[in-house]
1. With Cβ to Cβ distances under 12 Å as the rule, what net charge do the other residues near G250 carry (K, R +1; D, E -1)?
2. Note down the net charge around A30, summing +1 for each Lys or Arg and -1 for each Asp or Glu among other residues with Cβ under 10 Å from its Cβ.
3. Once neighbouring chains are kept in place and the probe is 1.4 Å, which whole percent of the accessible area of the chain is contributed by carbon and sulfur?
4. If we sort 520-526, 112-118 on the protection proxy, mean other Cβ atoms within 10 Å, highest first, what's the order?
5. At a 1.4 Å probe radius, which order do E478, E36, E450 fall into by accessible area, largest first?
6. Over the Cα atoms of the stretch 7-225, compute the convex hull volume and normalise it per residue, giving Å³.
7. So what does log10 I(q)/I(0) come out to for the stretch 320-431 at q = 0.16 Å⁻¹, using the Debye formula with one equal point on every Cα and no solvent?
8. Cα extents of the stretch 53-146 along the three principal axes, largest first, in whole Å?
Amino acid sequence: MIVTMTYLTVPIAAANADEAKSQIKTALTAGAEMLELRTDYLENLTVEMVVDLIAKAKSAYKKPIPIIVTCRDHAQGGANEYPENLRIEVLSAAIGAGAEFVDLEYENFFSIANQEKIRRALSQNPKSRLILSAHNFEGKFPNITKLYRHILTLYSAAIPKLVYTANHINDCFEAFDLLHQSSGERIILCMGRAGLISRIIAKKLGSLVTFASLDNESATAPGQITIEQLKKTFSSDSINSETVLYGVLGSMVYNSASPAAHNACFAKAELNKLYLPLLVEGGENEFDEFMRNVRVRSWLNFAGFSVTIPHKANALNYVRQSGGVVEPLTEKIGAANTLTLDTAQITNSGPQISAYNTDYIGAMDAIISKLKIDKSDLKDLSVAVLGAGGVARAIVAGLTDAGAKVCIYNRTVEKAEKLAEEFGCDFAGLKELESLDAKLVVNCTSIGMEPDVDATPLPQEYIKKDMTIFDTVYNPFETLLLKQAKEAGAKTIDGFTMFVEQAAEQFKLFTGSQTEPKLIEKTVIKQRSSK
Ligand code: NAP
């Protein structure tokens, strides 16, 4: 396969020449490798304005970078409604003015008159290349491969550009397949939040271009990421065809701290690995389909996942059903938050898959390190666990495994009873917290989490000086429960320490080596403070 260079391209979508000049300067400073002049955004568009803009863009930097000139048809997402003959004139003039690429909707190339004008301009400047594009804002193309071939039949020297909305992450795999099966210069991307990963891994799969916006407000297509995010969080300069992929799977991964944290650790260890936010909406069926899609395409090099809400139980079921390996305590917990794929061991369903739960390891490490004790010191310790959901299961499993005496308090008492029965503990309703007499109290409810930061699961008067209060909630870093515990003179363990420890444990499962928890801590704090 011929490896195509991928240009990190910033669209310049300005209403006038001054605005465009300022956007060009910002894009070049931010590290754009190509500019797309979206001339359909210019008000009172004329051919002269475009020629002048190309000259400005070419002289804006010591080393000129390639330019795409686009005058998008309003019917295909263009900003202003300009007549077809003006749009064709603009592109022809752009070719004459030295634009490396012009982008024309392939449907508008059907017209013989348009073809003649564009072909004539191209023959006068053979260095300029024609991108023939098709966009589908609704969803997948009926047959993307046929469309790709059709464009090349229309004009064999064209660069086909096929961009469609992925309504689900599973829709992206058609785009990845076409990139994998074709060679040469082509641009294949998915729009929408579910299509975000296609923009990040475009460089791995060899799309000629990936687009990034200057900021969240100036995106010219749904799901476009900013150049800063692409460069900093996803280290786009280091991505290549060999890059091994990881990611967090869940329904609310857009603002997850995990990509920044894991990518910082990969970069520090100088590993050619990339961690992605993988928006897997829906339930078990969609989750299973995603896993199948990934495992049959070993060339994508996916090697591991963090799993979050709502797929932790789905992840475990999938691994069980596809004959994978489940770590014993993860089996007992009934939920997995980490999956690894071993490409050296290929089974009928793809690389060997294994399931782990680092939530319990992270929680146990947080307790042991903050209290400066050994696991054996937890034997017979009286512990109150507030909550009976997913995190409570993991922590109850870890604590009972270490021999602690656990009582589970939950709003829905039946759930506490069921969990207590499974792990041989006591249970109670939240009202009984009045007579709380535990040495360690662990909040596994979501009470106190953003935006309800003034709420606490445990009234302050129940907190005693000789207690240790552990709040698994880590957004905010210091919850009201932890503030009140400190005021009462109790020891505290914060949920962020658990988050950091579980992420470090995942890094170990992904790479076989240790990372510095301090690096994860620093990266997440920096990311949060920049929001
Ligand atoms: P979950 O399965 O949905 O369980 C939520 C628990 O909170 C249930 O026991 C629920 O009680 C209880 N609850 C929720 N709202 C309540 C209210 N208003 N009053 C009383 N009880 C309430 O969620 P999860 O996955 O276990 O996550 C729980 C929390 O753990 C998250 O909010 C997150 O902050 C934290 N967490 C931390 C980490 C970390 O690394 N630090 C990792 C994962 C999660 P019912 O059973 O009565 O509904």
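1. Local charge sum for G250: -1.
2. Result for the neighbourhood of A30: 0.
3. Its accessible area is 50 percent carbon and sulfur atoms.
4. On the way: 520-526: 17.9, 112-118: 14.7.
Packing order, densest peptide first, comes out as 520-526, 112-118.
5. Working: E478 70, E36 5, E450 95 Å².
Result of the area sort, largest leading: E450, E478, E36.
6. 112
7. -0.76
8. 44, 29, 28
The values are calculated or read from the model by the stated rules, or taken from the named source; none is laboratory data. Note that the coordinates shown come from a computational prediction; the quantities given were computed from them, not determined experimentally. Positions of Cβ are generated from backbone atoms using ideal geometry, with glycine treated the same way; all protein chains shown enter the neighbour counts. Only protein heavy atoms, including side chains, enter the accessible area calculation; ligands, DNA and RNA are left aside. Shrake-Rupley method; radii C 1.70, N 1.55, O 1.52, S 1.80 Å.
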